[in-house]
Amino acid sequence: MFRIGFWEWLASRREREVLKLYDQHIDEIAKVTNSVNNLLTAFRDGDKSLMENEWRIIFESERKADDIKRRIIRELSEEFVHPIDREELIRLILATDDIATFAKEASRMALLYNGKPPLDVAQVLLGIITRINESVMLIREAVSYLSIDKKKTLEISDKIERLEEEVDDLRHKGLSIILARCNETGIPNCLLLKDILEYLENSADKTEDVADELRSIAVFTS
């Protein structure tokens with residue numbers, strides 16, 4: 001039986017509000033990842049004061065993103081939507097939200113670090129967050145094309161996946177450096193660097209999850 005895709009469902013006034021909220025959600029996610037980039041730059045430079053300033057922005061933007069996520073889910077629960085459509089949209093929202101959640105945790109670990117990190121490790125971390133930032137911008141672009149050019153959405157989703165693959169390579173490089181430097185940094189700092197790396201990788205993984213959801217929506221809605 002033919003099922004009307006949820007992007008067509010998003011044509012009514014109430015549902016356009018849901019899409020507007022999702023745009024706001026992505027904006028807050030972008031603020032988080034941009035501030036994480038700034039925090040990790042300050043981390044590289046040993047500027048604790050700037051790190052703390054950026055942390056406050058990260059904390060507030062991630063809280064706003066959570067509030068918007070809850071509003072979207074509440075809107076969906078109060079409006080008739082085909083269960084499959086609702087599930088697709090909720091998966092998209094939750095995966096997008098997790099990008100910020102994991103990036104925020106990476107920042108929290110950086111704040112616990114004692115001193116300046118090894119420069120080569122810091123550069124790897126910055127390489128990863130730069131790609132996460134780029135992926136978030138691409139997510140915003142891919143969503144904007146969903147209702148007008150699904151092929152373009154698929155092309156952008158492929159770019160996000162390639163960025164995540166680059167993050168995988170950086171993660172392996174970073175882990176090798178961190179483990180080799182454990183005697184230099186000390187075990188507590190070594191573990192913190194590993195945690196920062198893993199949280200950033202998890203954030204990047206979620207950008208790929210979002211890309212997969214966008215592909216699903218683009219392919220199976222018409």
Inset, instruction - Could you please tell me which pairs satisfy a Cβ distance under 7 Å, a separation of 6+ or placement on different chains, a first residue in region 38-50 that is among the β-branched types (Val, Ile, Thr), and a second residue that is surrounded by 15 or more Cβ atoms within 10 Å (Cβ to Cβ)? - result: 41/126
Inset, instruction - Please specify each residue of region 45-63 satisfying the condition of being surrounded by fewer than 18 Cβ atoms within 10 Å (Cβ to Cβ) and either assigned to a helix (DSSP H, G or I) or touching a Pro at 6+ places or on another chain (Cβ under 8 Å) (or both). - result: 45, 48, 49, 50, 52, 53, 56, 57, 59, 60, 63
Legend entry - Residue selected from region 131-169 under the condition among the polar types (S, T, N, Q) and within 18 Å of the chain's Cα centre (by Cα), by the criterion farthest from residue 30 (Cα to Cα): 153
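Condition check ((1) touching a Gly at 6+ places or on another chain (Cβ under 9 Å); (2) under 22 Å from residue 72 (Cα atoms); (3) at pLDDT 95 or above; (4) part of a loop (DSSP other than H, G, I, E, B)) across all residues:
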residue: 89; (1), (2), (3), (4): no, yes, no, no
residue: 92; (1), (2), (3), (4): no, yes, no, no
residue: 110; (1), (2), (3), (4): no, no, yes, no
residue: 115; (1), (2), (3), (4): yes, no, no, yes
residue: 122; (1), (2), (3), (4): no, no, yes, no
residue: 126; (1), (2), (3), (4): no, no, yes, no
residue: 129; (1), (2), (3), (4): no, no, yes, no
residue: 143; (1), (2), (3), (4): no, yes, no, no
Inset, instruction - Check whether at least one residue in region 64-75 is under 18 Å from residue 133 (Cβ atoms) and surrounded by 21 or more Cβ atoms within 10 Å (Cβ to Cβ), and report yes or no. - result: yes
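The values are calculated or read from the model by the stated rules, or taken from the named source; none is laboratory data. Since we're looking at a predicted model, the values are computed, not measured. Ideal geometry is used to build each Cβ from the backbone, glycine not excepted, and the neighbour counts take in all protein chains shown.
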